[in-house]
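Novice: First the structure, then my questions, so here it is.
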Amino acid sequence: MSKTTLLDYRNSRRKRDPEADAAPLEDGYWRRKTLTQMNEREWEALCDRCSKCCVISIEDTDTNILHLTDVSCKLFDTKSCGCSDYENRKQYVPDCVKLTPKNVPKLDWLPQTCAYRLVSEGQDLFWWHPLVSGDPESVHIANASARNRTRPEGRLKMAGLIKRITAWPAPLEKPPKGRRKRKKR
């Protein structure tokens, strides 16, 4: 299985910078750079791997409110909290959206906690983001991810999806007591 990434390097318009890719990430770079200023490695690291963007939401056309379901894209692997075939996803899910600095501000369905959305809006990342905590598990510990919370969409029609609307727990505001911040490698 290949590594899950948000960008397909072969089709990316971002220039590859071998020097920047090899260098350690600057602490807090997301506070100083816009999404368009980030290199490929910084952009990739910005994703907290919550995978809530893979969860199907339904918009109420009367109120414009988005309702989350407990249904995910058919390629989403709930145990690993990632796409089971990211490289070929467009073949199976043609409407899968590739996040870009240009489209992130327009995607109102991105979770309020999405790091791309937060940076786009000039906000800081939450304590549980791996770039802040130093621990890729913190997003799951904080109840901020879709891991083990969804079922694949299968052949559900709208009526079935409406029955699957669910209230997702709010992420923890602070780390659990006794939890230490991991050192970054």
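The values are calculated or read from the model by the stated rules, or taken from the named source; none is laboratory data. Being a predicted model, the structure only gives us computed values, none of them experimental. Every residue, glycine among them, receives a Cβ derived from its backbone with ideal geometry; neighbour counts consider all protein chains shown.
Novice: Taking only the stretch 135-157 into account, find how many residues are under 14 Å from the mean Cα position of the chain (by Cα) and in a helix (DSSP H, G or I).
Specialist: 3
Novice: Could I ask something else about it? When only residues in the stretch 135-169 that are small (Gly, Ala, Ser) and at pLDDT 95 or above count, which is nearest to Val55 (Cα to Cα)?
Specialist: Ala146
Novice: Give the residue, chosen from Ile58, Ile65, that is free of Cβ contacts under 8 Å to residues at least 24 places away in the same chain, of a type in the set (A, V, I, L, M, F, W, C) and surrounded by fewer than 20 Cβ atoms within 10 Å (Cβ to Cβ).
Specialist: Ile65 is the lone residue from the list that is free of Cβ contacts under 8 Å to residues at least 24 places away in the same chain, of a type in the set (A, V, I, L, M, F, W, C) and surrounded by fewer than 20 Cβ atoms within 10 Å (Cβ to Cβ).
Novice: Inspect the stretch 105-112 for any residue being surrounded by fewer than 18 Cβ atoms within 10 Å (Cβ to Cβ), touching a strand residue (DSSP E or B) at 6+ places or on another chain (Cβ under 9 Å), part of a helix (DSSP H, G or I) and not hydroxyl-bearing (Ser, Thr, Tyr) and give the result as yes or no.
Specialist: Taking every residue of the stretch 105-112 in turn, none turns out to be surrounded by fewer than 18 Cβ atoms within 10 Å (Cβ to Cβ), touching a strand residue (DSSP E or B) at 6+ places or on another chain (Cβ under 9 Å), part of a helix (DSSP H, G or I) and not hydroxyl-bearing (Ser, Thr, Tyr).
Novice: Moving on to the next point. What's the number of the only condition in (1) without any contact (Cβ under 8 Å) to a residue 12 or more places away in the chain; (2) over 15 Å from the mean Cα position of the chain (by Cα); (3) closer than 15 Å to Leu46 by Cβ that Asp124 fails to meet?
Specialist: (1)
Novice: Would it be correct to say that Leu161 is more than 27 Å from Arg41 (Cβ to Cβ) and of a type in the set (A, V, I, L, M, F, W, C)?
Specialist: yes
Novice: Then there is this: Kindly indicate which of Ser120, Ser145 is closer than 17 Å to Trp168 by Cα and either crowded, with 16+ Cβ neighbours inside 10 Å or in contact with a Gly (Cβ under 8 Å, 6 or more places away or on another chain) (or both).
Specialist: Ser145
Novice: Here's something else I'd like to know. Please enumerate the residues belonging to the stretch 57-80 that are hydrophobic (A, V, I, L, M, F, W, C), modelled with pLDDT under 95 and in a strand (DSSP E or B).
Specialist: Ile58, Leu66, Leu68
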